[in-house]
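Here the structure is laid out as structure tokens; the discussion comes afterwards.
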Amino acid sequence: MIKISPSVLASDFSALGAESKRMEESGADYLHLDVMDGRFVPNITFGAPVIKSIRNKTGLVFDVHLMIDKPLEYIEDFKKAGADIITFHVESSSPAEQTVDKILECGCKAGVSIKPKTAAEEVLPLLDKLSMVLVMTVEPGFGGQSFMPETMEKVKTLRREIERRGLDVDIQVDGGINEKTVETAAAAGANVFVAGSAVFGAENAAKAISDLRSLAEKAYSAT
Ligand code: DX5
Ligand code: ZN
């Protein structure tokens, strides 16, 4: 099923609670929360306390994207803060399988992400335990970058493998997703779409979300 996950990175941080509520009212499925530590990526955003502070402002699924060096050490904090899906990077320094197990033990859904230069094969050993694979379509660290079409081969490979194994794993794409790129990603087999600038930068967020959704639905169902 197609899901739209607006990234609060492009929102007004001084009104994060209201912005989250606004996304729910605008028809979003998830709220994408980009956690950056200034080590794994050259930028710092926010951590578990900030996520906790908005947990009671919206009923949206909290889709937490950890761009941090040692995710394993912080899984419980994010669970307690209200995360529903926790995605970490396979390139981080935590042992991947142990980190997935920890997320599942906490009762969250587990996602694993790969940067543009990381091969799809890196996540295959973990696939059976995952709810989601996040294929980064830009180098992680900043919003507002351009979509990298060369990452689509990995989306295709992963979708093929998920089908071959008969699994129910979502493929998320993140970075430069807008009405010009969403169809390409959906046609390759992605079904969860993160959008920062395209939603928060739009005059009408509800329209931006529904436009992205209908473009994605059409392209995905044609595959
Ligand atoms: C980038 C983040 C993205 C970012 C996307 O490192 O993971 O979630 O907010 O922003 P846009 O949609 O503006 O490219
Ligand atoms: Zn993200």
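Please treat every number below as a calculation from the coordinates, not as lab data. For clarity, every value in this text was computed on a predicted model and none was experimentally measured. Cβ: placed from backbone, ideal geometry, glycine included. Neighbour counts: every protein chain shown.
Brief remarks follow.
- Histogrammed with a bin width of 5 Å, the alpha carbon distances of region 11-59 distribute as 5, 19, 29, 23, 13, 8, 2 percent, first bin at zero.
- Relative to the Cα centre, the charge distribution of region 23-67, modelled as +1 at Lys and Arg Cβ and -1 at Asp and Glu Cβ, gives a dipole magnitude of about 240 debye.
- Restricting region 176-223 to trypsin sites (Lys or Arg not before Pro) that sit in a DSSP loop and have at most 16 other Cβ atoms within 10 Å of their own Cβ leaves Lys180.
- Inverse of mean 1/r across different Cα pairs in region 72-168, Kirkwood, Å: 14.1 Å
- Overall Cα dimensions of the chain - principal axes, largest extent first, Å: 42, 41, 29
- For region 154-223 and region 137-153, distance of Cα centres in Å: 13 Å
- For the chain: relative contact order, % (alpha-carbon pairs under 8 angstrom, 6 or more apart): 20 percent
- Built amide H within the under 5 Å cut-off of His89, gap 5+: Ile68, Ser113
- Taking the centroid of alpha carbons for each part, region 99-127 and region 10-53 are 21 Å apart.
- Each residue of region 137-145 was assigned a 3J(HN,Hα) from its phi angle through the Karplus curve 6.51 cos²θ - 1.76 cosθ + 1.60 (θ = phi - 60°); the sequence is 9, 8, 5, x, x, 9, x, x, 8 Hz, with glycine and proline shown as x.
- Basic side chains Lys and Arg get +1 at the Cβ, acidic Asp and Glu get -1 at the Cβ, and with that the dipole of region 3-221 about its Cα centre reaches some 200 debye.
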